[in-house]
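Undergrad: Before we start, here is the structure in question, set down as structure tokens.
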């Protein structure tokens with residue numbers, strides 16, 4: 001069913017998913033949105049593809065172009081789902097062993113007591129490298145060799161494997177350097193060639209300049225990333241480098257390959273990529289991995305209060321699992337989200353992917369109900 005109404009909701013949805021459209025519209029009616037998109041796939045078919053509002057969040061929508069079908073924004077840590085997918089693909093091909101020491105692939109990493117850190121510790125945020133110990137600037141994030149080199153030489157911040165601490169920015173450099181050492185290729189270029197390209201998904205890690213004209217700007221939150229923390233430790237790791245949410249406005253950020261936080265896309269592209277995972281690794285003739293290659297996702301790497309987030313969460317291999325803080329309806333569901341509110345959920349039992357992407361950033365790392373509202377509506381439809 002096509003819709004373009006006075007309520008500024010554009011796109012299409014299957015009649016069974018009208019509740020998703022209504023929840024999405026309610027977010028705007030409640031004044032919670034500036035511009036946003038939501039998408040749902042079931043069995044690889046796009047059941048919901050909606051967008052609305054204004055593209056430029058930093059103007060609160062004033063004098064801003066509309067959020068269009070092809071508008072994309074920086075989704076922050078929802079990017080981790082793309083890098084994590086590439087790591088799973090590499091393991092499924094037999095090129096990466098999650099139980100191997102990182103130093104097996106990256107010898108310099110063994111420095112300062114890190115010889116026992118395994119790849120699975122990185123994947124599950126238990127490696128003890130949630131932040132850099134040397135002072136960092138945002139510009140340093142554009143220097144791959146510096147960012148990875150410092151992580152290779154520093155000591156872990158806690159005993160690796162003993163509980164999680166969210167690796168908000170460092171995760172992408174750790175995964176990406178392991179990936180590069182094995183393949184000789186950056187994880188971003190592999191993603192472009194083997195994932196986004198074949199699936200015709202409009203998601204980018206390292207955005208070409210030619211696409212800048214359709215990038216929406218984010219409305220920065222009231223708190224910097226480090227200020228949204230729950231402890232001195234949280235502030236220390238999230239506040240180095242200091243980031244306030246305006247970073248994606250810089251061309252250098254958009255061009256850089258930042259696999260944990262720099263991805264640009266919209267809900268349609270996120271849901272499209274994850275539809276392959278929801279369908280067991282393949283969709284529309286494109287195979288990312290075998291169904292067995294998805295099973296490591298459900299191997300619990302950490303369960304309990306995360307040192308950085310301060311929340312009781314469960315982490316699998318590269319994705320979050322249902323937990324007291326993030327209750328999800330089923331044991332075969334995994335997720336991740338981004339600073340400010342973007343969300344991606346994959347449900348293998350229902351072969352469903354749900355994605356939400358917006359430009360108004362919520363100030364904290366959790367507690368944003370906008371995505372929860374559309375997710376619950378999607379489940380209400382699929383379970384009806």
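Undergrad: How high is the relative contact order of the chain? Use alpha-carbon pairs under 8 Å, at least six apart in sequence, and give a whole percent.
TA: Numbers: 891 pairs, mean separation 94.2, N = 384.
Relative contact order, the chain: 25 percent.
Undergrad: Now for a different question. What FRET efficiency do you get for residue 93 and residue 144 if R0 is 22 Å and r is their Cβ-Cβ distance, rounded to the nearest 0.05?
TA: It comes out at approximately 0.40.
Undergrad: Here is a further query. State the percent of C-alpha pairs, over all pairs in region 84-213, separated by a distance greater than 17 angstrom.
TA: That fraction is 59 percent.
Undergrad: Taking the Kirkwood radius as the inverse of the mean 1/r across Cα pairs, report the Rg/Rh of region 1-88.
TA: 1.01
Undergrad: Which one, (1) 50; (2) 29; (3) 23, gives percent of Cα pairs over 33 Å apart as derived from the coordinates shown?
TA: (3)
Undergrad: Determine Rg/Rh for region 42-158; Rg is computed over alpha-carbon atoms and Rh is the Kirkwood hydrodynamic estimate from the same atoms.
TA: Radius of gyration relative to Kirkwood radius: 1.11.
Undergrad: Which of the peptides 187-197, 347-357 is most tightly packed, and how do the rest follow, judged by the mean count of other Cβ atoms within 10 Å per residue?
TA: Values: 187-197: 19.1, 347-357: 25.2.
My ranking of the peptides, most packed first, is 347-357, 187-197.
Undergrad: While we're on this one: Counting helices only, and only those DSSP H runs with n ≥ 4, report the 222 nm mean residue ellipticity of the chain as the sum of -39,500 (n - 2.57) divided by its residues, in deg cm²/dmol to the nearest 500.
TA: When only DSSP H runs of four or more count, the value is -7500 deg cm²/dmol.
Undergrad: Report the FRET efficiency, 1/(1 + (r/R0)^6), for residue 183 and residue 222, where r is their Cβ-Cβ distance and R0 is 51 Å, rounded to 0.05.
TA: Efficiency at R0 = 51 Å is approximately 0.80.
Undergrad: State the dimensionless ratio Rg/Rh of region 215-320 (Rg: radius of gyration of Cα atoms; Rh: Kirkwood radius).
TA: 1.03
Undergrad: Tell me the relative contact order for region 321-384 as a rounded percent, counting alpha carbon contacts under 8 Å between residues six or more apart.
TA: Once divided by the residue count of region 321-384, the mean separation gives 24 percent.
Undergrad: Highest mean first, what order results for 133-139, 16-22 on Cβ atoms within 10 Å?
TA: Per-residue mean Cβ counts within 10 Å order the peptides as 16-22, 133-139.
Undergrad: Relative to the compact globular guide of 2.2 N^0.38 Å, what is the alpha carbon radius of gyration of region 161-288, as a ratio?
TA: The value comes to 1.18.
Undergrad: Here's something else I'd like to know. How would 106, 51 line up from fewest to most surrounding beta-carbon atoms within 10 angstrom?
TA: Neighbour counts put them in this order, fewest first: 106, 51.
All of the numbers you see were taken from the coordinates with simple rules; none came from a lab. Here the structure is a predicted model, which is why all the values come from computation and not from measurement. Quick reminder, even Gly has a Cβ in these numbers, built from the backbone with ideal geometry, and neighbours come from all protein chains shown.
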